[in-house]
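One structure is given here, and the rest of the page talks about it.
The values are calculated or read from the model by the stated rules, or taken from the named source; none is laboratory data. Predicted, not measured: the structure shown is a model, and the values here were computed from it. Counting neighbours? That spans all protein chains shown, and the Cβs are built from the backbone with ideal geometry, glycine included.
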Amino acid sequence: MAFDEELAARIRELVRNEAGLTEKRMFGGLAFLIGGNMAISASGQGGVLVRVDPARTAELASRLHAEVAVMRGQEMQGWLRVDPEGVRTQALLQRWVHEGVAYARSLPGKPSGSR
């Protein structure tokens with residue numbers, strides 16, 4: 001499944017003024033990186049993949065339409081999948097964008113060659 005271009009455009013609008021913003025195709029979707037760290041991605045599986053503080057994984061995964069991301073059969077602390085219904089409105093999407101951007105900003109920036 002290809003990622004949702006309309007969802008990617010909605011994310012892009014919300015992050016467009018973030019310093020250090022780059023976009024990169026990864027994990028089957030279109031990721032938005034801040035300082036080289038992924039914040040959020042329009043997922044190829046539908047909805048979004050959000051990078052969050054690993055200590056808040058369970059708390060955030062308890063929100064409606066969210067679950068811990070599973071990669072290669074393993075639950076990944078600090079990564080959440082939010083289904084399309086969970087980002088249906090701009091307000092819902094903004095909450096997840098905020099979570100991802102805040103966590104990406106908390107991480108050390110990566111040199112431009114490692115993005």
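Would you confirm, using the coordinates I've provided, whether Gly86 is touching a His at 6+ places or on another chain (Cβ under 7 Å) and either among the small types (Gly, Ala, Ser) or part of a strand (DSSP E or B) (or both)?
For Gly86, the condition - touching a His at 6+ places or on another chain (Cβ under 7 Å) and either among the small types (Gly, Ala, Ser) or part of a strand (DSSP E or B) (or both) - is met.
So, in region 54-64, of the ones that are in contact with a strand residue (DSSP E or B) (Cβ under 7 Å, 6 or more places away or on another chain) and of a type outside the set (A, V, I, L, M, F, W, C), which residue ends up nearest to Leu107 (Cα to Cα)?
Selected residue: Pro54.
From the set of residues in region 66-115 that are of a type in the set (Asp, Glu) and in contact with a strand residue (DSSP E or B) (Cβ under 7 Å, 6 or more places away or on another chain), which is farthest from Ser41 (Cα to Cα)?
Glu75
Residue by residue through region 70-110, note down the ones that are surrounded by fewer than 14 Cβ atoms within 10 Å (Cβ to Cβ), over 20 Å from Glu18 (Cβ atoms) and charged (D, E, K, R).
Arg72, Glu75, Glu85, Arg88
Can you report the number of residues in region 45-64 which are exposed (fewer than 14 other Cβ atoms within 10 Å of the Cβ) and of a type in the set (Gly, Ala, Ser)?
The qualifying residues number 3.
Here is a list: Glu13, Glu18, Glu67. Which entry is within 21 Å of Ser106 (Cα to Cα), at pLDDT 95 or above and either surrounded by fewer than 18 Cβ atoms within 10 Å (Cβ to Cβ) or over 14 Å from the mean Cα position of the chain (by Cα) (or both)?
Residue meeting the stated conditions: Glu18.
Report whether or not Met26 is within 12 Å of the chain's Cα centre (by Cα) and exposed (fewer than 15 other Cβ atoms within 10 Å of the Cβ).
So Met26 passes the test.
Applying the selection to region 28-87, what residues are in contact with a helix residue (DSSP H, G or I) (Cβ under 6 Å, 6 or more places away or on another chain) and basic (Lys, Arg)?
Arg51
Would you point out which residue out of Gly28, Gly86, Gly47 is within 17 Å of Glu6 (Cα to Cα) and modelled with pLDDT under 95?
Gly28
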